[in-house]
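The values are calculated or read from the model by the stated rules, or taken from the named source; none is laboratory data. None of the values given here were measured: they were computed from a predicted structure. Neighbour counts run over all protein chains shown; Cβ positions are idealised from the backbone, glycine included.
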Amino acid sequence: MQKLRRTLLLSGLSLLLPVVGNTQSVSEMNDLSPDDRRAYMESMSPDERAAMREKWRNEISAMSDEERKALREQRALQRPDHSHGAGKAERRARWESMSDEERAAARAKRQEKKAERRAQWESMSDEERAAIREKRGKHNGHHKERGDKPAAAD
């Protein structure tokens, strides 16, 4: 049984190896614009994306602390400043400068994306939903560390 698992794992990895070999490095992806990066990632299959993310994780973990810090700072500069209310005035000004047609188009686009997310969520199994909830909980776990919420009694 162990041999069968190992064989299946190796054959699966051998299929992904050509994909990983053709992928771009972290530094090459940083040179792309956010739209180009998004288009590149969306053009891949889920397996290719997973292999790419694993390759990037390995590259980043091999970096020194200074290189990682520089990479984070570079990414922060590329990211639109939407976090924690910063840039709210800019978004408000952009919204107010839009014509009625542009606002209607923006609302329609937002509703369409919301419907897509809802449809994707509803198409998931209970196990997939639980996995996502757990992942979100780990991502937002810093709130629990600060003691914002009381711990659940066992």
Within the stretch 3-23, is even one residue part of a helix (DSSP H, G or I), modelled with pLDDT under 70, loosely packed, with under 12 Cβ neighbours inside 10 Å and β-branched (Val, Ile, Thr)? yes
Meets criteria (part of a loop (DSSP other than H, G, I, E, B) and either surrounded by 12 or more Cβ atoms within 10 Å (Cβ to Cβ) or modelled with pLDDT of 85 or more (or both)) for Met44: yes
